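As structure tokens, the structure follows; a few thoughts come after it.
The values are calculated or read from the model by the stated rules, or taken from the named source; none is laboratory data. Computed from a prediction, not measured in an experiment: that's the story for all the values here. Note that each Cβ is placed from the backbone with ideal geometry, even for glycine, and that neighbours are counted across all protein chains shown.
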Amino acid sequence: MSPTRRELLVLAAAAATAGCGYRVAGRADLLPKSVRTIAIPAWSNATVRHRLSERLPAALTREFIARTRYQVIPDPSQADAVLNGGVLNLYSYPTTFDPVTGRASGVQLIVVLQAKLTERATGKVLFERLSIEARQRYEISVDQVAYFEESNAALERVSQDVARQLVSAILENF
């Protein structure tokens, strides 16, 4: 084999392996190119905790703006796609107890949601999850004087977690 031919084979092998399909996770965008604007209207809420259904659209809006090329607009009738969703259930139960007082000192919060992204012009469902489960744990002060309501902060953390996960799932159509 001549050196020239060997060099060509090495270059051909390098070129063939350069496009191997690997990519950085979270960077794909598998939505149709026709989608440039997304509306995220208020989400439905089947629970007694109203704050979560108010926080989720705001967290999703921030996440779409920070991580994607899409413009989030308020009017669903003007958007290329609409992201609807709802809070189906919210559970919270104590996980740890103070050995002195017997009162709960740790709580597990579980939120069950659903989401659907629809292309407005065609009605085609671009992404749908009928059941999304998010969890968050928070502490409760056993000292009544120093008591601080931590459940609202836990709901805020859940909404941010759900927004990150949901935007990633939508972009990667996973």
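Brief remarks follow.
- Conditions (1) closer than 15 Å to W43 by Cβ; (2) of a type outside the set (S, T, N, Q); (3) at pLDDT below 95; (4) out of contact with any strand residue (DSSP E or B) (no Cβ under 9 Å at 6 or more places or on another chain); number of the one not met by R69: (1)
- Verdict on K124 being surrounded by 13 or more Cβ atoms within 10 Å (Cβ to Cβ), of a type in the set (D, E, K, R) and farther than 22 Å from V48 by Cβ: no
- Filter pass, V72 being of a type in the set (V, I, T) and farther than 17 Å from A169 by Cα: yes
- Condition check for D75: surrounded by 15 or more Cβ atoms within 10 Å (Cβ to Cβ), under 25 Å from P41 (Cβ atoms), among the charged types (D, E, K, R) and touching a residue at least 12 places away in the same chain (Cβ under 8 Å): no
- Of all residues in region 113-150 being of a type in the set (D, E) and at pLDDT below 90, the one that is farthest from S92 (Cα to Cα): D143
- Checking each residue in region 56-72 for being surrounded by 15 or more Cβ atoms within 10 Å (Cβ to Cβ) and β-branched (V, I, T) picks out T61, T68, V72.
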